[in-house]
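These notes concern the structure reproduced below.
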Amino acid sequence: MNQEVNAKAQELAALIARSPEYITMRATEDAASQDEALGKLMDQYNALRSQVEELTMKKEPDFDAIADVGRQLEEVQNQVKQQPMYQALQSARRAFSQMMADVNAQLSSVLNPGGAASGCSGNCAGCAGCQ
């Protein structure tokens, strides 16, 4: 990689790491990992998800049991979503993702002039839009 490009990429990474969005997201992730109520619900969610996977992989799946565990899984998922710490974490992640989308849009507008306005990334692989 070109040394100047590499240096600027490192500079951009350092700026991102010092951004309020990144700092808030990391702090919120750390706080969420320490939240006891959220942790218990996540453990319960993961156990139920594993149970659904196990039931589904059986040679002759019991669809009633899968549906029952699926309902329990959905209930726990709804409880997780109601947790204030989970909501704070999602909000922090959305803010960081939006910042990164803005950074990527800036890069795209320079690398693909005129393409950003039309929504075109300039990468035609798998795109049928222009044909």
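Some observations on this one:
- Restricting attention to the stretch 1-54 and to residues that are more than 18 Å from the chain's Cα centre (by Cα) and basic (Lys, Arg), the residue that is nearest to MET85 (Cα to Cα) turns out to be LYS40.
- Number of positions in the stretch 1-51 that are of a type in the set (Asp, Glu) and touching a Leu at 6+ places or on another chain (Cβ under 7 Å): 1
- In the stretch 9-31, the residue that is nearest to ALA88 (Cα to Cα) out of those that are charged (D, E, K, R) and part of a helix (DSSP H, G or I) is GLU29.
- Sub-7 Å Cβ pairs linking a first residue in the stretch 1-22 that is touching a residue at least 40 places away in the same chain (Cβ under 8 Å) to a second residue that is of a type in the set (Val, Ile, Thr) and part of a helix (DSSP H, G or I), at least 6 apart or interchain, are TYR22/ILE16, ordered by first then second residue.
- Qualifying residue in the stretch 32-52 (condition: touching a residue at least 24 places away in the same chain (Cβ under 8 Å), surrounded by 12 or more Cβ atoms within 10 Å (Cβ to Cβ), of a type in the set (Ser, Thr, Tyr) and in a helix (DSSP H, G or I)): yes
- Residue in the stretch 96-108 that is touching a residue at least 60 places away in the same chain (Cβ under 8 Å), touching a helix residue (DSSP H, G or I) at 6+ places or on another chain (Cβ under 6 Å), in a helix (DSSP H, G or I) and surrounded by 13 or more Cβ atoms within 10 Å (Cβ to Cβ) present: yes
Just so you know, all these numbers are worked out from the coordinates, no wet-lab data involved. For clarity, every value in this text was computed on a predicted model and none was experimentally measured. Glycine also receives a Cβ, built like all others from the backbone with ideal geometry; neighbour counts cover every protein chain displayed.
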